[in-house]
1. Yes or no: the stretch 3-10 includes at least one residue that is in contact with a Pro (Cβ under 8 Å, 6 or more places away or on another chain), buried (at least 18 other Cβ atoms within 10 Å of the Cβ) and in contact (Cβ under 8 Å) with a residue 24 or more places away in the chain.
2. Between a first residue in the stretch 86-101 that is over 25 Å from PHE69 (Cα atoms) and a second residue that is in a loop (DSSP other than H, G, I, E, B) and of a type outside the set (Phe, Trp, Tyr), which pairs have beta carbons less than 7 Å apart while being 6 or more apart in sequence or on different chains?
3. Against the conditions (1) part of a helix (DSSP H, G or I); (2) hydroxyl-bearing (Ser, Thr, Tyr); (3) touching a residue at least 24 places away in the same chain (Cβ under 8 Å), where does SER48 fall short? Just the number, please.
4. Sort out which residues of the stretch 60-82 are small (Gly, Ala, Ser) and either in contact (Cβ under 8 Å) with a residue 60 or more places away in the chain or surrounded by 14 or more Cβ atoms within 10 Å (Cβ to Cβ) (or both), and write them in order of number.
5. Got a sec? Which of GLY100, GLY116, GLY85 is under 14 Å from LEU42 (Cβ atoms) and either surrounded by 14 or more Cβ atoms within 10 Å (Cβ to Cβ) or touching a Pro at 6+ places or on another chain (Cβ under 9 Å) (or both)?
6. Would you tally the residues in the stretch 29-51 being out of contact with any Asp or Glu (no Cβ under 6 Å at 6 or more places or on another chain) and open to solvent by less than 10 Å² (accessible area, probe 1.4 Å)?
7. Are there any pairs with C-beta distances below 6 angstrom linking a residue in the stretch 110-129 that is more than 14 Å from ILE157 (Cα to Cα) to a residue that is among the charged types (D, E, K, R) and surrounded by 14 or more Cβ atoms within 10 Å (Cβ to Cβ), with the two at least 6 apart or on different chains, and if so which?
8. Residues PHE34, PHE43: which one is modelled with pLDDT under 95 and either aromatic (Phe, Trp, Tyr) or within 28 Å of TYR177 (Cα to Cα) (or both)?
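The values are calculated or read from the model by the stated rules, or taken from the named source; none is laboratory data. All of these numbers come straight from a predicted model, not from anything done at the bench. Please note: Cβ atoms are built from the backbone with ideal geometry, for glycine as well, and neighbour counts cover all protein chains shown. The area values use the complete protein model at the heavy-atom level, side chains included, leaving out ligands, DNA and RNA. Shrake-Rupley method; radii C 1.70, N 1.55, O 1.52, S 1.80 Å.
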Amino acid sequence: DCFKCGDNIVYGKGRDKGFTYDIAQLALYQTQFFDHSTVLALFPGGESPAHANFLKAYNLAYDSMPDDFKHVPGINDRKDLLYYGWEEEIAGSKKKRKAGIQSSLTMLKAVSPDVGKSGRYKLVIIEEFGEIKDSLQLITTSDANMREGANKFGIIIAGGTSNALNAGYKDFREIWYNPAAHGFRKLFCPANKMYWGYVNYETGVSDLEGAK
């Protein structure tokens, strides 16, 4: 629904809610099933394990796919960029052209609000939003890159763990309490929801009281 209306999502959660796996699978869906789809994943700088954890979850989901659905990152295969498709020579020329699905996943540390300014993305994922400095400015810049006139062709999903709010706490708080003013919808998953051993995975219903 958010892809249709253009609303971004801010997601607050307790630990171990599977957010990294959810967004990794969403990123994979975009790169494997949509031509020319571009995904940007942003992570805190420094020694944060968020990038490594995301890539591990992404590769796990990719390896679990049927081979017939997989595309190979034949244009570029780096730690910070997976560019799917291949290059082929143009007949009668030494030049090459890109072919295939031509979708991509770019993974960067958010060391500056302008880190993703040069690209136009269908989906921007921000992991551990509350740990990123100047995160509101980062949101503003990323959102502007998704617009062409009155049209918006992508969304931002920013997630943060409730006890991991540091450099970006003020900005996270601003978006959390005023989501509509910044083009967001907010979702909250408390510590006792989707808690291991206290959720029925067939119905999705959590035993909230038992998990307290």
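1. Yes, the conditions are met somewhere in the stretch 3-10.
2. LYS96/ILE90
3. SER48 satisfies all of (1) part of a helix (DSSP H, G or I); (2) hydroxyl-bearing (Ser, Thr, Tyr); (3) touching a residue at least 24 places away in the same chain (Cβ under 8 Å) except (1).
4. Matches in the stretch 60-82: ALA61, GLY74.
5. Values: GLY100 fails: under 14 Å from LEU42 (Cβ atoms); GLY85 fails: under 14 Å from LEU42 (Cβ atoms).
Just a single option satisfies the conditions, and that option is GLY116.
6. Within the stretch 29-51, the subset out of contact with any Asp or Glu (no Cβ under 6 Å at 6 or more places or on another chain) is 29-42, 45-49, 51.
This time we only want the ones that are open to solvent by less than 10 Å² (accessible area, probe 1.4 Å), so: 30-32, 37, 39-42.
Residues that pass the stated criteria total 8.
7. Short answer, once both residue conditions are applied: PRO113/ASP134.
8. Working: PHE34 fails: modelled with pLDDT under 95.
None of the other options fit; the residue is PHE43.
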